[in-house]
1. Quick one: helix A:88-98 against the long Cα principal axis of chain A, what's the angle to the nearest 10°, folded into 0 to 90?
2. Name the most mobile residue of A:GLU177, A:GLU93, A:GLU105, meaning the one with the largest mean-square fluctuation, in a Gaussian network model of chain A with Cα contacts below 10 Å.
3. When a/c is below 1.5 the answer is rounded, else prolate if a/b is larger than b/c, else oblate, so apply that to the range B:1-44 with a ≥ b ≥ c taken from the square roots of the Cα gyration tensor eigenvalues.
4. How far is helix A:106-116 tilted, in degrees, relative to the longest principal axis of the Cα atoms in chain A, given as a value from 0 to 90 rounded to the nearest 10?
5. Kindly identify the range A:73-147 as rounded, prolate or oblate by the Cα gyration tensor criterion: order the square roots of the eigenvalues as a ≥ b ≥ c, call it rounded if a/c is under 1.5, otherwise compare a/b with b/c, prolate if a/b is larger, else oblate.
6. Please state the relative contact order of the range A:73-147 as a whole percent: Cα pairs under 8 Å, 6+ residues apart?
7. Rounded to the nearest 5, what % of the DSSP beta bridges within the range A:120-215 are antiparallel ones?
8. Suppose we keep just the alpha-carbon trace of the range B:331-398; what are its Rg and Dmax in angstrom?
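Just so it is clear, none of the values below were taken in a lab; they were calculated from the coordinates. In this text the structure is predicted, and so the values were computed from the model without any measurement. Cβ coordinates were reconstructed from backbone atoms using ideal geometry, including for glycine residues, and neighbour counts include every protein chain displayed.
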Amino acid sequence: MGDALVHAVDDVTVAIRPKEFVALLGSSGSGKSTLLNLMAGLDRPTSGAIFAQGRNLAEMSSEDLAQHRNHTIGMVFQAFNLLPRMTLEENVELPLRLAEVDRDERPSRVREAVERVRLSARLTHRPSELSGGEQQRAALARALVNRPTILLADEPTGNLDSATGEAILHLLQEINESLGMTIVMVTHDRDRAARYAHRIVTMGDGKLLSDGNKI
Amino acid sequence: MKTRDLTELAARNLREALLRNSLTTLGIAVGVASLVAMLSLGVGLQELANKKLSKSGLFDAVFVSSRANQRGFGRPAQSETATREAAKILDDEARQKIAALPNVVEVYPEIRFPTEIQFEGKPYSTTVAGIPPSAKTEGAFDGMKGNFFSSPDAGEAILQIEFAKDLSNQPDSLIGKNLVLRYAERQALPAEPSPKKSDAGKPPANPTDEVTGQSPGFSIVPREKTFHIIGIVETEPATSVGSFGRGRLLIPMQVAEILRVAQANDLRGLLRRSSSKQTYDSLTVRVKSPSQVKSVEDAIQRMGYGTFSLLDATKSLRLVFAVFDLFLGIFGSLALAVASLGIVNTLVMAILERRREIGILKALGAADRDIRRLFFAEAGVMGLLGGIFGVTLGWLIGTALTFGTNVYLHKRDLPPIDLSSVPWWMVASAIAFSIVVSLAAGIYPASRAAKLNPVEALRYE
């Protein structure tokens, strides 16, 4: 994995190194989610460049961006974004379907991801039958199943009570350490960011306010 | 995404909005059903007409006449001199030549004469007609009582029902009884010795030529022959174009020929021809199928004889049915077009409803192409199911119409018919058409879904 260097529209230049756990801090509308979406390849910049593993996302075709989202990026959201009519197992399998992974290989990959988030007992449950923390863990398993190199988390604890949120952050930390996965987490909780992330990038009004400052 | 995964996801999505998708599919099914019902009626009626017409024995026949006797039949009259030059006499030699043409089943003259019969001691006058063996398959003999002639030279007779009623109050009881036919046999006058004996090889069954030789005349001798009644027929078969059902007592053609009954045109023939060899005023040529009529007709014309067939009539009939089918198809397609609007509506609604889901799929790595194919697959599955269901429904409608018609016909003592026909090509093309129409209806919704901005779609609640 090469260096992940990010330019954003508002004159933002951020370089994120492999295996780093970066917290992207800022108030609502500061542009932190937009920056995350640009890194994910969900959005395109009007000018500038975003390099991930040596390739400029701004110049990729939409087909290549889809590949980037599927193989390089794993994403978790504040609203979990699980498909409500699918079971946990089916939700986690979805990225494997999109990646055209062999059918024979899928069950073990799903099991591995679900075990990592300690949700094996809930495989056949639908999202509505899971608690908020379980749903976010399921979303995390789905983000991990394709073994991406970068995990992007958009306010992953925003919809959870503090204890559950803490558990999710623990899990992220564990994934970062044991799998060596690069993590960029958007949050507005400076205290938690300070406790879990290696580095804090602060944004305000679309500008970079500070970088690397752990308070 | 692989096709199997795509299909699974599409099927899942279809199941999730079961009611709406079922109603849409039902709409397609009704469209396909109306198309199939209309076309099956068109095809069924066409098959029915073809069957009845080919059974009438008129559409697989060519009527041959010596050009000297040609009576026109609405054809442009040939110039008198040309006709005289080309005029060839229809004799046995010509008959055998025509019979040897490819695809010709049978060649026979028209034999019909008024005469008298004796039945249970009483005389009755009637008209006798010779019936060729090929007439057995004609529709006229379909519902007959008793049997058709056991062999082409059997001394058997079939009665037309009206004549049978004349003979007895219980026409059915006539079968198995005998009647005596009295007729005038044409006997040649003693011949002047013929210098050439080229006719010696002729079959003895027809010794006329040998006997008459160059003799210019004949005498008439009264004769009698006993016939065994074996059947009664309702309608009168058409033996030739000019003789729609004018025989009331039907005997095998070969027997009728051997009788050598004097016929009305013998006198004219005698006056006109120098030779008194057996000649025919006209011959009927039965062809294997109506499609071969044209080639046989051409071949006979090249031999120098006048021909007439009802081929032109079938041609215009086919045209009528083609136009008929076209219009039925257009009306059926209208229903399908309305149904395809239902697909567009359902899928556009599904995009609104599934905005978030599309956003999630894109975030997980689905390409625009995957989303487009997913919506296409959903439209295609609705088209396939609608097509299958619609063909079944259309077939049921056709069958119900046939059933109803047959109940109606039965009440009127008419034979049942197959009103609608759903051949395999129609099943296959109706389903294929349904899928194509559904996919076409899916183009707009699918590309709209594919172009959805994932960031906006994810923000959508």
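1. Helix A:88-98 sits at roughly 60 degrees to that axis.
2. A:GLU105
3. Values: a/c = 6.67, a/b = 2.14, b/c = 3.12.
Oblate, since a/c reaches 1.5 and b/c is not below a/b.
4. Once rounded, the angle reads 70 degrees.
5. Working: a/c = 1.59, a/b = 1.41, b/c = 1.13.
Prolate, since a/c reaches 1.5 and a/b exceeds b/c.
6. Numbers: 88 pairs, mean separation 39.4, N = 75.
Worked out over the range A:73-147, it gives 52 percent.
7. Numbers: 4 of 9 bridges.
That works out to approximately 45 percent antiparallel.
8. 15.4, 51
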